[in-house]
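The values are calculated or read from the model by the stated rules, or taken from the named source; none is laboratory data. Model, not experiment: these values are computed from the prediction. Cβ atoms come from the backbone with ideal geometry, glycine included; neighbour counts cover every protein chain shown.
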Ligand SMILES: Cc1cc2nc3c(=O)[nH]c(=O)nc-3n(C[C@H](O)[C@H](O)[C@H](O)COP(=O)(O)OP(=O)(O)OC[C@H]3O[C@@H](n4cnc5c(N)ncnc54)[C@H](O)[C@@H]3O)c2cc1C
């Protein structure tokens, strides 16, 4: 059976891993940190803990439980997901992992910087996916907005097809050694489509396209890369937690519904079970 790759080691990702591995799947979980629970303290409203439970302990116990069952863990940031020979390829900052099916359990986030007019120019020069839209800007001048490894990765994708690419860190210190422009951004300006970036110091610079890559790629950015159906910043998934692309499932805070552990665990159970069925059927 091909590999099931789960992005995220929060309650949704670990629950998916537990159900899939116990059903016989080979499972790799890729995650960059502890997710939402790393920001929480004591959890009082989850089943079975009379005096509450430490959020960090809940995450650590889930990971240990999955490891005991043979789930493999990769601590890395996922920068992209593409279609590949085995079905899909999950691209991290350091490696490519082949997957026959994927469960996206990235939690909730949409890393949109508070730049004036950013929404106005989405799809009109402002993009959230270098691999999807870079092609349309060949021979033009573009910028990547971001200061982390995700921005560095999107820059690398664009540099393969576009000569004039600048990284704008929007006033933040870069976490990479590439040349970049650290001016704080005030607004995007233009007519039908974006024409220039206005900086907080009053300076302006013309660009044909802007690729937003702030923080790390979340469910929203990954879904854009794959062409997944979204509703706001949520991935649309059916009652089997299947997305509009066969073999890609989604669970937890990245799909609609209550943003609670119990719901994430349920979503993960369904997604892991359905991903296993998908992989078995594809054998
Ligand atoms: C402060 C706080 C308190 C809370 N208190 C409660 C509570 O008391 N009770 C309750 O039920 N719920 C509570 N919640 C909500 C609960 O934490 C979430 O609903 C739950 O964690 C969602 O699980 P998830 O697996 O969908 O996402 P998360 O737990 O957020 O996990 C997301 C995972 O995706 C990974 N990830 C994301 N992007 C990438 C990437 N590009 N590459 C690699 N990995 C990536 C992260 O590293 C993480 O492992 C609280 C949340 C917060 C923030």
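In table form, for the structure just shown:
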{"read-out": "Some residue of region 26-34 being over 25 Å from residue 149 (Cβ atoms) and either free of Cβ contacts under 8 Å to residues at least 12 places away in the same chain or more than 10 Å from the ligand (Cβ to nearest atom) (or both)", "value": "yes"}
{"read-out": "Among (1) at pLDDT 95 or above; (2) outside any helix (DSSP H, G or I); (3) under 14 Å from the mean Cα position of the chain (by Cα); (4) within 11 Å of the ligand (Cβ to nearest atom), the one test that residue 74 misses", "value": "(3)"}
{"read-out": "Members of region 82-107 found to be under 23 Å from residue 154 (Cα atoms), more than 14 Å from the ligand (Cβ to nearest atom) and not in a strand (DSSP E or B), listed by number", "value": "85"}
{"read-out": "Answer from 58, 18 - the residue that is within 17 Å of residue 273 (Cβ to Cβ) and either assigned by TED's automatic domain parsing to the domain that holds residue 90 or in a loop (DSSP other than H, G, I, E, B) (or both)", "value": "18"}
{"read-out": "Helices (runs of 4 or more DSSP H) fully within region 129-228 counting 2 or more residues that are without any contact (Cβ under 8 Å) to a residue 12 or more places away in the chain and under 23 Å from the mean Cα position of the chain (by Cα)", "value": "149-159"}
{"read-out": "Test for residue 105: is it in the same structural domain as residue 20 (by TED's automatic domain parsing) and within 30 Å of residue 27 (Cβ to Cβ)", "value": "yes"}
{"read-out": "Test: residue in region 93-100 that is under 30 Å from residue 261 (Cβ atoms), in contact (Cβ under 8 Å) with a residue 24 or more places away in the chain and out of contact with any helix residue (DSSP H, G or I) (no Cβ under 7 Å at 6 or more places or on another chain)", "value": "yes"}
{"read-out": "Number of positions in region 240-272 that are assigned to a helix (DSSP H, G or I), more than 8 Å from the ligand (Cβ to nearest atom) and surrounded by 24 or more Cβ atoms within 10 Å (Cβ to Cβ)", "value": "2"}
{"read-out": "Residue match in region 142-159 (condition: at pLDDT below 95 and more than 22 Å from residue 78 (Cβ to Cβ))", "value": "no"}
{"read-out": "Residue identified as more than 17 Å from the chain's Cα centre (by Cα) and modelled with pLDDT under 95 among 32, 39", "value": "39"}
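A quick yes/no check of all residues on (1) under 22 Å from the mean Cα position of the chain (by Cα); (2) in contact (Cβ under 8 Å) with a residue 24 or more places away in the chain; (3) surrounded by 13 or more Cβ atoms within 10 Å (Cβ to Cβ); (4) in a loop (DSSP other than H, G, I, E, B):
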| residue | (1), (2), (3), (4) |
| --- | --- |
| 45 | no, yes, no, yes |
| 62 | yes, yes, yes, no |
| 67 | no, no, yes, no |
| 80 | yes, yes, yes, no |
| 111 | yes, yes, yes, yes |
